[in-house]
Amino acid sequence: MNTTQVKVHPAAELLPMMDEEQYAGFKEDIRQNGCKEPIVFWNNQLLDGRNRLKACQELGIVPQEEECDVDLVDPLQYVITHNLHRRHLTTSQRAAVAASMKSFKRGEIGNGRKVESQICSSTMKTKDIAASLGVSKRSINDARVVKERGSEELQKAVESGDVSVSRAAKVAKSATPKVNHLEAAKSKVKTDKPERDKKTGPHVHSELYTQNVARVSITQLESIPKKNKFRINALKTVMNYIEQQISEAAR
């Protein structure tokens, strides 16, 4: 399978590819330990595993493939659940994802197929998208400004995490020529502290956001083969952690 010949689902392209440093470490891990997760397809389109597929092809490894049930799996929800927290995206990167979600047209992510639970992000309220991604509505609006008025280089810088979405939005709304957008944004960012998620505000602790975190944890546990001799130890570790957290919460 050649990556240039694989059709990628629009939902998969919401998330940026790994940067060079991340990818190098990721590829080395696959070289040493093999590709543990399958390449996932939805209606013959790659939904999850672009970086895995690229690394496997470069290493000469044939990865496992998995085809989703198009009548049961919501492509957008699948991508969010399986990638959002695994990728450790910054607030600005998640805001860029949210802005792209909002721009999807009805039926675009499902290619005309009717999935009962499928998210139609173009009709979702901004506050609901914000809750699902753990960002503020203001960050989404900033990302939308960058998407609509910023240069392509500036947009890519936000998507990669090199420039904060708030700074990029200020530059995009200014009189700065597009050709100078990235330079103007970085000239300020150089003296800024690295962006960190603010663990305050109702959007971070929303029920939808925390449920997405829980689903990711369950998905990771389910990826351990049942015949793996270390699986029971992993489950016990998780159980001990849960019991400890429940005990502390009850105090």
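Of 52, 94, all but one fail to be in contact with a helix residue (DSSP H, G or I) (Cβ under 9 Å, 6 or more places away or on another chain) and under 25 Å from residue 30 (Cβ atoms); the exception is 52. At least 2 residues being modelled with pLDDT of 80 or more is the threshold, and among the helices (runs of 4 or more DSSP H) wholly inside the stretch 155-251 those reaching it are 165-173, 181-189, 231-250.
Residue 173 falls short on exactly one of the conditions (1) crowded, with 18+ Cβ neighbours inside 10 Å; (2) in contact with a Lys or Arg (Cβ under 8 Å, 6 or more places away or on another chain), and that condition is (1). The strands (runs of 3 or more DSSP E) found entirely in the stretch 34-96 that carry 1 or more residues being in contact (Cβ under 8 Å) with a residue 24 or more places away in the chain and within 22 Å of residue 214 (Cα to Cα) are 39-42, 45-48.
The values are calculated or read from the model by the stated rules, or taken from the named source; none is laboratory data. Model, not experiment: these values are computed from the prediction. For neighbour counting, all protein chains shown are included, and Cβ atoms are generated from backbone atoms with ideal geometry for every residue, glycine included.
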